[in-house]
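Working notes, beginning with the structure itself.
The values are calculated or read from the model by the stated rules, or taken from the named source; none is laboratory data. As the structure is a prediction and not an experimental result, all values here were calculated from the model. Glycine also receives a Cβ, built like all others from the backbone with ideal geometry; neighbour counts cover every protein chain displayed.
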Amino acid sequence: MQAKCKTLAIAGVFLVAATGVAYTQSAIDELQPLVATSAYRLAIAKQVALAKWDSGSPVEDIQRETQVIMSASKAGELKGLDKTFVSDFFKAQIEANKLVQYSLLSEWRRLGRAPRHSVVSLSDTIRPELDQVQTQLLLELEDIAVLRTDASCRTNVAKAVGHYVSRHAKEVSPLDAIALDRALASACNP
């Protein structure tokens, strides 16, 4: 991951030297791993929605949300990340995930059925995968620490999401794009 970011940074330096284009394109490129992992987390939200459809469980799970945020905050602190920043970032990730779940569950209720799917265990399969994604997101937040404090961070994140959405237009629905914006709303340091 770090080697990939260094390669992107070197490519960005050549781009700036060759074209005179400022740091922004390099920042957008460096943000892509974080955007992609957040998009992957949102793809898992679809599986969560299916599991909750099957079990009749509500979208809200305050106990699990608290557990995720506390775990991420502690792990982030060990990496030198600000505890409040990490907490806010993962709250945004969770809210985006719930946005997808609520939307899909409502759509399926209107249709009277969910898409055909195999039953997946929320606790045995999906949550361990989300825990792995959490670890990856923390690594990526660590990798972009300098970008997160830049005055143009919010603009760069929005452009990075736009770039990701346009590159993956066939797989990314309007709901996915909105949820991705929400998921990364707290990616920048205030």
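Details
- Index of the failed condition, THR149 passing every other in (1) loosely packed, with under 14 Cβ neighbours inside 10 Å; (2) more than 30 Å from PRO190 (Cα to Cα); (3) in contact (Cβ under 8 Å) with a residue 24 or more places away in the chain: (2)
- Failed criterion for LYS46 (all others in (1) surrounded by 14 or more Cβ atoms within 10 Å (Cβ to Cβ); (2) under 30 Å from PRO190 (Cβ atoms); (3) not polar (S, T, N, Q) hold): (2)
Rundown of residues vs (1) outside any helix (DSSP H, G or I); (2) more than 22 Å from ILE178 (Cβ to Cβ); (3) in contact with a helix residue (DSSP H, G or I) (Cβ under 6 Å, 6 or more places away or on another chain); (4) not hydroxyl-bearing (Ser, Thr, Tyr), yes/no style:
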site	(1), (2), (3), (4)
SER38	no, no, yes, no
ALA45	no, no, yes, yes
GLU60	yes, no, no, yes
THR66	no, yes, no, no
GLU77	no, yes, yes, yes
ASP88	no, no, no, yes
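- Test for GLY76: is it at positive phi and of a type outside the set (A, V, I, L, M): no
- Residues of the range 100-117 satisfying the condition of being within 30 Å of GLY76 (Cα to Cα) and surrounded by 21 or more Cβ atoms within 10 Å (Cβ to Cβ): VAL100, GLN101
- Candidate set: the range 156-166, residues that are free of Cβ contacts under 8 Å to residues at least 40 places away in the same chain and surrounded by 14 or more Cβ atoms within 10 Å (Cβ to Cβ); chosen: the one nearest to LEU42 (Cα to Cα): VAL165
- Restricting GLN63, GLN25, GLN2 to those that are at pLDDT below 95, polar (S, T, N, Q) and exposed (fewer than 13 other Cβ atoms within 10 Å of the Cβ) reduces the list to GLN2.
- Number of residues in the range 108-164 that are within 20 Å of GLN67 (Cα to Cα) and assigned to a helix (DSSP H, G or I): the value is 19.
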